[in-house]
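Please read the structure below before turning to the comments.
The values are calculated or read from the model by the stated rules, or taken from the named source; none is laboratory data. For clarity, every value in this text was computed on a predicted model and none was experimentally measured. No Cβ is skipped: glycine too gets one built from the backbone with ideal geometry, and neighbour counts run over all protein chains shown.
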């Protein structure tokens, strides 16, 4: 059964089993997305549970345009933003990661933060979310635009700007071929 069929069963019949299958199929991707945004496994797992509760309540709003995972990541991203507004803890963690990522002495001593996390730490929250949706989750520019309520051109600009910021921050040359 495809996702659209399962969504229809949940909406029409409040079929908890069909919703459970949707959760099973997509929970890893939602959790990984939120883990990259929060940099906190426990907070990400809590947010993922909250996002799936929101998805259950809002499933009737999915009308089949774009992929279901794109819609679900939009729910997860909105849940993250709402949580962030309520939480000073997120700001403290992000500041700590940014300080560690910018400290060359710490860079060579610590394996706690992956290179990817260090690259993401130099980006704004918006750039980080768009880059994760694009490269880690494999969403199209249109799906990212739907998830973030932005035009496709803006999404492309954010990705370009984010890549350039990473290159500039870490002295990575942009090699053009051809």
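Given the structure, is residue 157 farther than 30 Å from residue 10 by Cα, loosely packed, with under 15 Cβ neighbours inside 10 Å and modelled with pLDDT of 90 or more?
Numbers: farther than 30 Å from residue 10 by Cα: yes; loosely packed, with under 15 Cβ neighbours inside 10 Å: yes; modelled with pLDDT of 90 or more: yes.
Considered against the rule, which asks whether it is farther than 30 Å from residue 10 by Cα, loosely packed, with under 15 Cβ neighbours inside 10 Å and modelled with pLDDT of 90 or more, residue 157 comes out as yes.
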Considering residues that are loosely packed, with under 15 Cβ neighbours inside 10 Å and over 19 Å from residue 61 (Cβ atoms), the number found within the stretch 4-24 is 3
If you go through 135, 177, the only one that is under 27 Å from residue 64 (Cα atoms), loosely packed, with under 15 Cβ neighbours inside 10 Å and modelled with pLDDT under 90 is 135
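Looking at residue 31, is it under 27 Å from residue 125 (Cβ atoms), buried (at least 16 other Cβ atoms within 10 Å of the Cβ) and without any contact (Cβ under 8 Å) to a residue 24 or more places away in the chain? Steps first, please.
On the way: under 27 Å from residue 125 (Cβ atoms): yes; buried (at least 16 other Cβ atoms within 10 Å of the Cβ): yes; without any contact (Cβ under 8 Å) to a residue 24 or more places away in the chain: yes.
Here the answer is yes, as residue 31 does meet what is asked.
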